Structures are given as C-alpha cells and as structure tokens.
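Report on the structure given below.
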Amino acid sequence: MSKLKIAELFYSIQGEGRYMGVPSVFLRTFGCNFKCAGFGMPRGELSNEADEIADVAHLYNKYEELPLVSTGCDSYASWHPSFKNLSPVLTTDAIVDRTLEILPENKWGDVHLVITGGEPLLGWQRSYPDLLSHPKMSYLKEITFETNGTQKLTPEFKTYLKQWSQNPPFASREITFSVSAKLPCSGEKFEDAIKPEVVCEYEEVGTTYLKFVIATEQDFADAECAIGAYRAAGFKGHVYLMPVGGVESVYALNNRAVADIAMKNGLRYSDRLQVPLFKNEWGT
Ligand code: SF4
C-alpha cells in the first residue's frame, strides 16, 4: 500500500481559478522544489518570515496554530523542513477514510478533489494511483492538481491518469492542472520556473490553465513574456491573473488593479476567495 506525507487535509470552498466557489477537499502534500521568498517584498529582496517562524517551530503543535505571513510563500509549513513533524506519513487507506469523514454525508456528490502543496507532482506521483483507484474513491468525478508547472509527469502516471478519466462508473471524469507559474516577483529564477514543455504535456492529459500572481506592472510584463514562451511551445489553455496577497491587507491593495489589467488585456481574473472568506487561515 502506498503512503503520502500529508501537510493538510481539509474541506473548504475552492477560492481560485476554474473551480472558484466549488466545494472541495484539499489534500496538501509535503515538499516543494521552490521557496518563493520574494512574494510581497520589494523587487529583488527575499522574505525571512518563514525562517523566523521556523526558529520557534517547537512552539507549534498543529497547522491551525501557525502564524499567517504577509510575505513569501503563504503555505511555508508545507515544505519548510522545520515543520515536517506536523505532517504525518499516512497510508492511502487512512487518507481515504479521513477524506470520507469530512465530506458532507460522507459522499463525493458535487465535491471536487484538489491535490495541492507544496508541489504535489514531486515524487508523490507514484502514490496517487493507489489513492485514486481506492474502491471508496470510485464516485470522485473531478480532480485538480495545483502545481507550479515544473515537474514532468512520469510516463506511468500519465498513462494512469488517461485511463482514470475514462473509467466507469462515469463516461468521463475531469482532470485539471492549475499551473501557478512563478514569475521573478516570487524570488525564483525565470528559467527555473517557466517550463513550457512540461505544461504542454499536462494538456495531453487534462484541462490546463496558467495562473500568474501579479502585484505590479512589471509583474505583468514578466507574465506577458512567460505567456509568449508557453504559446510558442503550443500551449492552448486559458490564462488567469490573480492578485498577490495571502493576507487581506495586501490582497485588498491590488485586487482591483489586477482585475483592471486582466480586463484591459482580455485575460481572465482569478480572485483568492479564501482571503476575504476565511482570512486565508490554515485549513481553509
Ligand atoms: S511553489 Fe507554491 S508551495 Fe512552493 S514555495 Fe512557491 S508558493 Fe510555496
């Protein structure tokens, strides 16, 4: 039986992208290949908020107790080594049982599954077939992978997903890749973060869209450059612009400005409903 290291497992409303507003189970895996310490910082500077909290990691016993950050990665505990003790390694059986416990009436119904991170397409690809093929998961119809778009699908997992989307009891199931490609404002290098050939491969398996976090006109100029690279590689999906802001004070500063940029350029706007609805607290 496969195992996964799980940072969080919770039921909420999807706040971003294509499924905004849809009731969803979020399975947050542990581990990421990035740090994204540049978010919310003056360009070129890196946040040390996550490291400062990590210095006193022993004070926290569960995710709900962790402080929110206004700079850097807002899900820092899902990859920072100092918090790995908060993320248990669970068997797929245990994950499925916990998932059914938090579903309304213990049924999937219209609830969709979000596999997020961290970066969920790191080594965990080998464990997802056991999870998704579990008999108690047979009524799951829609799944989204929230990825930073840098990890290739393994040939085995790619084949598995194509089969999963076609198998009974449904004529077809829906697979989505929500690609939050990281621009230089994240603190990550453009050449490390923008991998058009990887994202084009996701399109062979499921509906794939790009989502860029924007704070300034310069960020949008970077996004245009990235969009050009994806399109040149053959990417056909939609593009969303989303305001920066893991806390309400930052989000409220630029959500309207980002909506205006999206409208002016004929691109989609994605809100971050989890910020106004739930203050972006852990477990929401
Ligand atoms: S890719 Fe996502 S989870 Fe990883 S550090 Fe960046 S924002 Fe955080």
Convex hull of region 186-284 built on C-alpha atoms - directionally averaged projected area, nm²:
7.1
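Could you rank the peptides 71-81, 33-43, 190-200 by their average count of other C-beta atoms within 10 Å per residue, with the highest value first?
With the highest mean Cβ count within 10 Å placed first, the list reads 71-81, 33-43, 190-200.
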The Cα extents of region 133-245 along the principal axes, largest first and rounded to whole Å, are 48, 28, 21
Relative contact order in percent for region 74-141 (Cα pairs under 8 Å, 6+ apart) equals 40
Ignoring any ligand, DNA or RNA, what whole percent of the accessible area of the chain comes from carbon and sulfur when the probe is 1.4 angstrom?
52
Cα-based Rg and Dmax for region 28-78, where Dmax is the largest Cα-Cα distance (Å)
11.3, 34
Cβ-isolated cysteines (cut-off 4.7 Å), the chain
Cys32, Cys185, Cys200, Cys225
Rounded to 5, percent antiparallel among DSSP beta bridges of region 1-143:
60
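Normalised by the empirical 2.2 N^0.38 Å for globular proteins, what value does the Cα Rg of region 219-262 take?
Expressed relative to 2.2 N^0.38 Å, the Cα Rg reads 1.36.
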Kirkwood hydrodynamic radius over Cα pairs of region 58-150, then Stokes diffusion coefficient at 20 °C and 1.002 mPa s, in µm²/s
141
Given the peptides 219-229, 175-185, 20-30, arrange them by the average over their residues of other C-beta atoms within 10 Å, most packed first.
175-185, 20-30, 219-229
Restricting things to alpha carbons, tell me how big region 1-62 is in terms of Rg and Dmax, in Å.
15.7, 46
Residue-normalised value, i.e. accessible area per residue, for region 1-114 at 1.4 Å probe, in Å², stands at 47
Relative contact order (%) - region 128-271, alpha-carbon pairs under 8 angstrom, separation at least six
19
For Asp55, put the label point 7 Å out on the Cα→Cβ axis and report which residues of region 64-96 keep their amide N under 11 Å from it.
none
Enter the per residue convex hull volume of the chain, computed from alpha-carbon coordinates, in Å³ rounded to the nearest integer.
123
Please report the orientation-averaged projected area of region 240-284, defined via the convex hull of its C-alpha atoms, in nm².
2.9
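The values are calculated or read from the model by the stated rules, or taken from the named source; none is laboratory data. No experiment lies behind these values; they were computed from the predicted model shown. A quick note on method: Cβ atoms are made from the backbone with ideal geometry, for glycine too, and the neighbour counts reach across all protein chains shown. Ligands, DNA and RNA are excluded from the accessible area calculation, which covers all protein heavy atoms including side chains. Shrake-Rupley method; radii C 1.70, N 1.55, O 1.52, S 1.80 Å.
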